[in-house]
Amino acid sequence: MSETFTAMMLEDVDGKPKAGFRQISKSDLPDHDVLVEISHSSLNYKDGLAVSGKGRIARRLPMVAGIDLAGTVVESRSAAWKPGDKVIVNGWGLSETEWGGYARFQRLKPEWLTRLPDAFSMEQAMAIGTAGYTAALCVNALEDWGTIQPGKGEVLVTGAAGGVGSTAVSLLSAKGYTVVASTGRAETHDYLRGLGASSFLDRAELAGDVRPLQKERWSGAVDSVGSTTLANVLAQTVYGGAVAACGLAGGADLPGTVMPHILRSVALIGVDSVHAPQARRDRAWRTLADHLDREKLAAMTEVHKMSELPDLAGKILAGAVRGRIVIEIA
């Protein structure tokens, strides 16, 4: 009989996805070329939606949840990878169209794998996870646009106490930018100040009615909220500035106008982490390795057992999670 192991499985129950722990074996896994023994995963907002059943994240069922994983190659039919290689996977449809990281083992396509940077342990890599890697993509995108400069102007980070926001604050501060953190939780100010935020903006100030053009303030911004927040940020961005948008925690709508774009040349840069090409992924991880303070990473991280996932899913959806949650698998 094949050895079984625990997985957080999404299954169809009366036409709706329902999450629960199940015993599966390697023979149940997809027939992909690389078998990885997973050490750690993480908890993201999307994971919270999937595990709680409050969002239809999985587009086919049954599905192993978890959009991140870090582990060791056990078997490989690909020349690119060999047993013993340490790898990470972010995105690529895990937990949506492909089985994910909340299981001891997973079979994966070789092109999905990124080599674990020497700078990080597997736990640290999952403390960064998709959220931190996305934050690095956003910072790189803003710098490529060329309008933010260290010590000149303010860079706004919305949803600052969340996973993307926390890492963005830390990275931008380490690179010498003046960072303003937007959050609705005053109790996170000391935490965010420790990550490098210089000042704070209550998220309520970005949630009001959107006037097409407002006082220019932000030389750039990282936004993980979307909706009215993003529309107001765009209306407050300086001439020629840019906003890197990567999330929709506040909604998928964008109740703004074209006026910031055509009258102030403000750029809205969409940042996708799921299907980003390998070169962009490698650069993001180099940015993290070079500029993410390890003590600050530890300060934004909590480590929990996989058995705690159902409770943690509810907390992240309620906005009660600060920073990053690492899930121990093995």
When restricted to Asp293, Asp253, Asp311, the only residue within 24 Å of Asn140 (Cβ to Cβ), open to solvent by 50 Å² or more (accessible area, probe 1.4 Å) and not small (Gly, Ala, Ser) is Asp293
Ser170 fails exactly one of the following numbered conditions: (1) hydroxyl-bearing (Ser, Thr, Tyr); (2) out of contact with any strand residue (DSSP E or B) (no Cβ under 6 Å at 6 or more places or on another chain); (3) not in a helix (DSSP H, G or I). What is the number of that condition? (3)
Tell me yes or no: at least one residue of segment 223-239 is within 22 Å of Ala174 (Cα to Cα) and among the hydrophobic types (A, V, I, L, M, F, W, C). no
Scan of segment 174-212 for residues that are surrounded by 24 or more Cβ atoms within 10 Å (Cβ to Cβ) and part of a helix (DSSP H, G or I), ordered by number: Leu192, Leu195, Leu206
Only one of Glu75, Glu96, Glu37 is open to solvent by 10 Å² or more (accessible area, probe 1.4 Å) and either out of contact with any Lys or Arg (no Cβ under 7 Å at 6 or more places or on another chain) or part of a helix (DSSP H, G or I) (or both); which? Glu75
For residues in segment 314-330 being under 15 Å from the mean Cα position of the chain (by Cα) and not in a loop (DSSP other than H, G, I, E, B), which is nearest to Tyr133 (Cα to Cα)? Arg324
Please name all residue pairs, on different chains or six or more residues apart, with Cβ atoms under 8 Å, provided the first residue is in segment 217-234 and is in contact (Cβ under 8 Å) with a residue 24 or more places away in the chain and the second residue is aromatic (Phe, Trp, Tyr) and open to solvent by 10 Å² or more (accessible area, probe 1.4 Å). Gly220/Trp145
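Going by what's in this entry, would Ala168 be described as hydrophobic (A, V, I, L, M, F, W, C), buried (at least 21 other Cβ atoms within 10 Å of the Cβ), modelled with pLDDT of 95 or more and touching a Cys at 6+ places or on another chain (Cβ under 8 Å)?
yes
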Do we have Ala161 as hydrophobic (A, V, I, L, M, F, W, C) and in contact with a Leu (Cβ under 7 Å, 6 or more places away or on another chain) here? yes
Residue by residue through segment 150-165, note down the ones that are surrounded by fewer than 18 Cβ atoms within 10 Å (Cβ to Cβ) and either free of Cβ contacts under 8 Å to residues at least 40 places away in the same chain or touching a Gly at 6+ places or on another chain (Cβ under 9 Å) (or both). Pro150, Gly151, Gly153
Does segment 150-172 hold any residues that are more than 14 Å from Val243 (Cα to Cα) and among the polar types (S, T, N, Q), and which are they? Ser166, Thr167, Ser170
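The values are calculated or read from the model by the stated rules, or taken from the named source; none is laboratory data. Quick caveat: nothing in here was measured; it's all calculated off a predicted structure. Quick reminder, even Gly has a Cβ in these numbers, built from the backbone with ideal geometry, and neighbours come from all protein chains shown. Accessible surface is based on the protein model in full, side chains and every heavy atom, while ligands, DNA and RNA are left aside. Shrake-Rupley method; radii C 1.70, N 1.55, O 1.52, S 1.80 Å.
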